[in-house]
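Comments concern the structure below.
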Amino acid sequence: MDTPLDTQAYDGVRHTAPRALATEAVHAGRDDLARQGLHAPPIDLSTTYPSYDSRGEAARIDAFATTGAEPDGPPVYGRLGNPTVARFETALARLEGTEASVAFASGMAALSAVLLVRASMGLRHVVAVRPLYGCSDHLLTAGLLGSEVTWTDPAGIAEALRPDTGLVMVESPANPTLAELDLRAVAHACGSVPLLADNTFATPVLQRPAEHGARLVLHSATKYLGGHGDVMAGVVACDEEFAGRLRQVRFATGGVLHPLAGYLLLRGLSTLPVRVRAASANAAELVRRLAADPRVARVHYPRIGGAMIAFEVHGDPHEVIAGVRLITPAVSLGSVDTLIQHPASISHRIVDADDRRGAGVSDRLLRMSVGLEDVEDLWSDLDGALQRSVSGAGNCATSHNQPAAAARP
Ligand SMILES: *Cc1c(COP(=O)(O)O)cnc(C)c1O
């Protein structure tokens, strides 16, 4: 066998110098498998790890309590870490270009852990730019974890910083308007305050915020990373020092990811580049057609591309939701199939209506997560639903590509 030059130690296994994203997507977190005679990663469901050496175990617990570093050897107990979840964490860190990543039970659990890390250091003030995902906005606005938020636009960040500011939080492209901001300029404005960029929409395939100076990269892994609508998870990619603190908070507060979810996420990552590119091509084509459509008032699509689109209709957005047949009317995003939802009613309902509208989330805005279906089938479904939005529910049955029996009551 042809053995390339080993240049770095990684995950206990030596391998070659930097690999392309598509290669990392299928190999990262799996580098040790072939030598173990395995192909698919094992799923370790243990909640506890036996040891006859309690002195050694005490030393591992002490080390974890001091730095939050992953225990050398078995994890002691499932809340300290899990080998299957660790494979996903290794892989996501490689894709985001960070030293480490720490996985949680959901995106909101991941954000909560970040806020708790900063609050435990007495840094309770957060500066944030709207729009954010509705529940992130709510968590900050309601101060549920004792934080205090100052909302600003990107140009106002530097001025909004205080001595007790522990975090600056942004999303780009943002949920649901797909507004983009200049991450490098924002990171610069943050000075020494950590910038958290929610990269759920772009994924590391389209954008790696750590390269632009974000210290923390957050994902709702429920979305594109899992990619099939069947796993709920969150993850923060960051430097090892911050990762240690996040592991300590995860240990103390318990928002761990289940190993089966870790397995599904690792599997999801292997097709992430292919899925994101194919869905983005569909999205770009739908954007082209929507932008030329007289029933559509405005289309939002970020410069970096991606599979998320948003558009405002002249007619009733609720009729579009009621009118789709192939496209699934549901919140969430990033699955293989296309989902559509009305942010003012669903994903951003929890945000105060004035704040929501102020952030550009119009009551006529629809958000669509474009999947991997054939684009002509998607367009034909969307076309029928748009027709219903302008002509009312009664007139759409004939224009639709599904039998009347499939129509809703
Ligand atoms: C869904 C979402 C979240 C929250 O993640 P959960 O996994 O649902 O907890 C955070 N940020 C963005 C951008 C999201 O779309």
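The values are calculated or read from the model by the stated rules, or taken from the named source; none is laboratory data. In this text the structure is predicted, and so the values were computed from the model without any measurement. Because the Cβ atoms are built from the backbone with ideal geometry, glycine has one as well, and the counts that use them run over all protein chains shown.
At a glance:
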read-out	value
Matching option when the condition is closer than 30 Å to Tyr263 by Cα and touching a Lys or Arg at 6+ places or on another chain (Cβ under 8 Å), among Pro204, Pro176	Pro176
Residue, nearest to Val274 (Cα to Cα), within region 216-261, restricted to residues that are within 16 Å of the ligand (Cβ to nearest atom) and among the charged types (D, E, K, R)	Lys223
Flag for Asp337 being surrounded by fewer than 18 Cβ atoms within 10 Å (Cβ to Cβ), among the acidic types (Asp, Glu) and over 30 Å from Thr90 (Cβ atoms)	no
Count of residues meeting criterion [assigned to a loop (DSSP other than H, G, I, E, B), within 16 Å of Ala100 (Cβ to Cβ) and either hydroxyl-bearing (Ser, Thr, Tyr) or more than 16 Å from the ligand (Cβ to nearest atom) (or both)] in region 193-212	2
Residues (touching a helix residue (DSSP H, G or I) at 6+ places or on another chain (Cβ under 9 Å) and within 11 Å of the ligand (Cβ to nearest atom)) located in region 328-340	Gly334
Region 166-189: number of residues that are within 18 Å of Met121 (Cα to Cα) and not β-branched (Val, Ile, Thr)	3
Residue ID - modelled with the lowest pLDDT, chosen from residues in region 43-58 that are in contact with a Ser or Thr (Cβ under 7 Å, 6 or more places away or on another chain) and not hydrophobic (A, V, I, L, M, F, W, C)	Glu57
Cβ pairs under 9 Å, 6+ apart, first in region 232-249 and in contact (Cβ under 8 Å) with a residue 40 or more places away in the chain and of a type in the set (S, T, N, Q), second buried (at least 20 other Cβ atoms within 10 Å of the Cβ) and not in a helix (DSSP H, G or I)	Gln248/Gly68
Lone unmet requirement of (1) in a helix (DSSP H, G or I); (2) without any contact (Cβ under 8 Å) to a residue 40 or more places away in the chain; (3) not polar (S, T, N, Q) for Pro71	(1)
Any pair with Cβ under 7 angstrom, 6 or more apart, that starts in region 308-333 at a residue that is over 18 Å from Ala279 (Cα atoms) and ends at one that is acidic (Asp, Glu)	Val324/Asp381; Arg325/Asp381
Per-region count, region 1-35, residues loosely packed, with under 10 Cβ neighbours inside 10 Å, at pLDDT 90 or above and more than 27 Å from Tyr224 (Cβ to Cβ)	1
Failed condition for Thr165, given (1) surrounded by 19 or more Cβ atoms within 10 Å (Cβ to Cβ); (2) of a type in the set (Ser, Thr, Tyr); (3) more than 22 Å from Arg184 (Cα to Cα)	(3)
Single match in Val149, Val126, Val117 (criterion: crowded, with 18+ Cβ neighbours inside 10 Å and either touching a residue at least 60 places away in the same chain (Cβ under 8 Å) or among the acidic types (Asp, Glu) (or both))	Val117
Pairs where the first residue, in region 157-178, is at pLDDT 95 or above and of a type in the set (Asp, Glu) and the second is surrounded by 24 or more Cβ atoms within 10 Å (Cβ to Cβ) and part of a loop (DSSP other than H, G, I, E, B), C-beta under 6 Å, 6+ apart	Glu171/Leu132
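Yes/no per residue for (1) surrounded by 20 or more Cβ atoms within 10 Å (Cβ to Cβ); (2) outside any helix (DSSP H, G or I); (3) among the hydroxyl-bearing types (Ser, Thr, Tyr):
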site	(1), (2), (3)
Leu266	yes, no, no
Ala279	yes, no, no
Glu285	no, no, no
Arg289	no, no, no
Pro294	no, yes, no
Ala297	no, yes, no
Ile304	no, yes, no
Ile309	yes, yes, no
Gly315	no, yes, no
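A quick yes/no check of all residues on (1) outside any helix (DSSP H, G or I); (2) among the aromatic types (Phe, Trp, Tyr); (3) surrounded by fewer than 23 Cβ atoms within 10 Å (Cβ to Cβ); (4) in contact (Cβ under 8 Å) with a residue 12 or more places away in the chain:
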site: Pro343; (1), (2), (3), (4): yes, no, no, yes
site: Val351; (1), (2), (3), (4): yes, no, no, yes
site: Arg356; (1), (2), (3), (4): no, no, no, yes
site: Val361; (1), (2), (3), (4): yes, no, no, yes
site: Leu372; (1), (2), (3), (4): yes, no, yes, yes
site: Trp379; (1), (2), (3), (4): no, yes, yes, yes
